[in-house]
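Take a look at the structure set out below.
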Amino acid sequence: MKLDEKDKRVILILKEDSSLTVSQISKKSKIPITTVHNRIKRLKENGIIKNYTINLDHEKIGKPIKSYILVTVNQNKSHPQEEIAEKISKIEDVISTDIVTGQTDILSVVKTDSIKNLNEIITHKIRNIEGVDKTQTIIVLNEMN
């Protein structure tokens, strides 16, 4: 599906605030309400809009510590990267997990309430997954957005 300028405007508005109604999007985009409704429906049907989500203030919900955990996988084919990444993604406090290129194989973002809990996630959960060779952790000092 090729996106035109109207599709791009609707997507941009939804990215800013996915809780807006079709009527509100119509007013902001200056696109007729029926057109907005049909565009959103088509974007969903074509898999461009996968879901609507929320952007949490993790500090306010008691999880102020953000870290990136880089995971190197033992290249043993009995434990494929995808399987390991899937297991990591199911660990509580893991926000996202991606398979990446470079010196590491998997990158996970973790939001937790304490260094103690971060240590628990790394040493007792991630490092105990079969096929994980080593981890490196980067703790965020200041988020810029």
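For segment 58-101, give me each residue that is in a helix (DSSP H, G or I) and within 20 Å of L118 (Cα to Cα).
I84, A85, E86, K87, I88, S89
Go through segment 102-115 and give me each residue that's within 15 Å of the chain's Cα centre (by Cα) and either in a loop (DSSP other than H, G, I, E, B) or surrounded by fewer than 18 Cβ atoms within 10 Å (Cβ to Cβ) (or both).
The one that is within 15 Å of the chain's Cα centre (by Cα) and either in a loop (DSSP other than H, G, I, E, B) or surrounded by fewer than 18 Cβ atoms within 10 Å (Cβ to Cβ) (or both): V109.
Please find, among D113, D57, D17, the residue that is over 17 Å from I129 (Cβ atoms), at pLDDT 95 or above, out of contact with any Ser or Thr (no Cβ under 8 Å at 6 or more places or on another chain) and among the charged types (D, E, K, R).
Values: D57 fails: at pLDDT 95 or above; D17 fails: at pLDDT 95 or above.
Criteria check complete, one pass: D113.
Quick one: which of E120, E130 is more than 22 Å from E16 (Cα to Cα), in a helix (DSSP H, G or I) and either without any contact (Cβ under 8 Å) to a residue 24 or more places away in the chain or more than 19 Å from the chain's Cα centre (by Cα) (or both)?
Values: E130 fails: in a helix (DSSP H, G or I).
Being more than 22 Å from E16 (Cα to Cα), in a helix (DSSP H, G or I) and either without any contact (Cβ under 8 Å) to a residue 24 or more places away in the chain or more than 19 Å from the chain's Cα centre (by Cα) (or both) holds for just one of E120, E130, which is E120.
From T72, T35, grab the single residue that is touching a strand residue (DSSP E or B) at 6+ places or on another chain (Cβ under 7 Å), surrounded by 11 or more Cβ atoms within 10 Å (Cβ to Cβ) and polar (S, T, N, Q). Can you show your working first?
On the way: T35 fails: touching a strand residue (DSSP E or B) at 6+ places or on another chain (Cβ under 7 Å).
One residue alone meets the criteria, T72.
Any idea which of (1) surrounded by fewer than 18 Cβ atoms within 10 Å (Cβ to Cβ); (2) under 27 Å from L14 (Cβ atoms); (3) touching a strand residue (DSSP E or B) at 6+ places or on another chain (Cβ under 7 Å) is the one V94 doesn't satisfy?
Looking at each condition in turn, V94 falls short on (1).
Here are some residues: I84, I49. Which one is surrounded by 15 or more Cβ atoms within 10 Å (Cβ to Cβ), of a type in the set (V, I, T) and under 30 Å from N142 (Cα atoms)? First the steps, then the outcome.
Working: I49 fails: under 30 Å from N142 (Cα atoms).
Only one candidate passes the filter, namely I84.
Considering only segment 19-40, how many residues are within 14 Å of K8 (Cα to Cα) and within 23 Å of the chain's Cα centre (by Cα)?
Number satisfying all stated conditions: 1.
The values are calculated or read from the model by the stated rules, or taken from the named source; none is laboratory data. Computed from a predicted model, the values in this text were never measured in an experiment. Please note: Cβ atoms are built from the backbone with ideal geometry, for glycine as well, and neighbour counts cover all protein chains shown.
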